[in-house]
Amino acid sequence: VYTVLIKAYGAMGNSEKAKKTWLDMRAEGIVGDAMCYASIMHVAALNRDEDFCDELMADMRQTRVRPSPQLYATLTGVAAREGNADKVEEIIQAAKKRGIRVPIECFNSLIAAHARADRPDLAIKAAEKLESAGHELDSVSYEGLVMAFAWARDVEEAERMFERLEESGLRPTLPTLNTLMATYARVGKMERALEMVESITSY
C-alpha cells in the first residue's frame with residue numbers, strides 16, 4: 001500500500017508527499033521491499049535530493065534489503081543526468097558483483113552520460129557493452145547515440161545512427177527527432193530539418 005502511494009505521489013510530481021509517506025512508513029517500523037525502495041529512490045532522484053538518496057541507501061544496508069534491477073536503473077539515470085559516466089560504470093559494476101543482470105536502462109544511462117560529455121567514441125563502446133550483456137539497442141539507446149554525435153557536431157555519424165534506428169524498425173523518440181532537427185538547422189540543411197519537423201508534428 002505504501003509503495004502504491006509513493007508511486008502515485010511521484011507520478012503527480014508531489015515529491016514532498018511521497019517522502020512523507022516513506023517517513024511515515026518507516027516510523028511505523030515497516031520495512032519496504034526492493035520495489036518500495038526503488039520507487040522512493042526514483043522520486044528522490046527526480047527531485048535531485050542527493051542527501052535523501054544517501055539516506056535511503058544507508059537504510060537499505062541497515063535493513064539488509066537486496067537492491068533490485070530497477071533501483072540500479074534509477075541510480076544510473078541520476079548519474080547520467082549529471083554527465084558522470086564513471087559513476088554509472090561504478091553502479092553497473094556494483095550490480096554485477098551482486099549477481100544482478102544489469103538492465104538495459106543502466107547501459108542506456110552510460111551512453112547518455114558519454115553523450116553529455118561530448119564523447120561519442122565512448123558512447124559507441126557503451127552500446128557495445130549493452131549488446132555484450134545480451135540486450136538489443138532500443139529507441140533510447142539510439143537517442144543517446146544520435147545525441148552523442150550531434151552534440152559533437154558530427155552530422156554524418158548522427159545521420160548514420162538515425163538510419164540504423166530506422167532500419168531496425170524502432171520508432172525514434174521525440175528527443176531524437178528534436179536533436180536532428182536542430183542539428184540540420186545549425187548546418188543549413190533546411191530540407192532535412194523540415195522533414196524532422198513533419199515527423200515531429202505527426203508523432
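Here are some notes:
- Overall, the chain carries a charge dipole of about 600 debye about its Cα centre when +1 sits on the Cβ of Lys and Arg and -1 on the Cβ of Asp and Glu, all other atoms neutral.
- Portion, in percent, of the accessible area of the range 1-120 that falls on carbon or sulfur, probe 1.4 Å: 49 percent
- Extension gain, residue 118-residue 47: 0.36 nm per intervening residue step, less the Cα-Cα distance, totals 23.0 nm.
- Principal-axis tilt of helix 139-151 within the chain, Cα atoms, nearest 10 degrees: 60 degrees
- Inter-label distance, nm, simple model (7 Å from Cα along the C-beta direction), residue 189/residue 33: 4.9 nm
- Along each principal axis, Cα extent of the chain, largest first, Å: 61, 35, 28
- The local environment of residue 154, defined by Cβ-Cβ distances under 11 Å, has a net charge of -3 under the rule Lys, Arg +1 and Asp, Glu -1.
- For the chain: accessible area per residue (Å², 1.4 Å): 55 Å²
The values are calculated or read from the model by the stated rules, or taken from the named source; none is laboratory data. Nothing here was measured: the structure is a model prediction, and the numbers come from that model. Cβ: placed from backbone, ideal geometry, glycine included. Neighbour counts: every protein chain shown. The accessibility values were calculated without ligands, DNA or RNA, using every heavy atom of the protein model including side chains. Shrake-Rupley method; radii C 1.70, N 1.55, O 1.52, S 1.80 Å.
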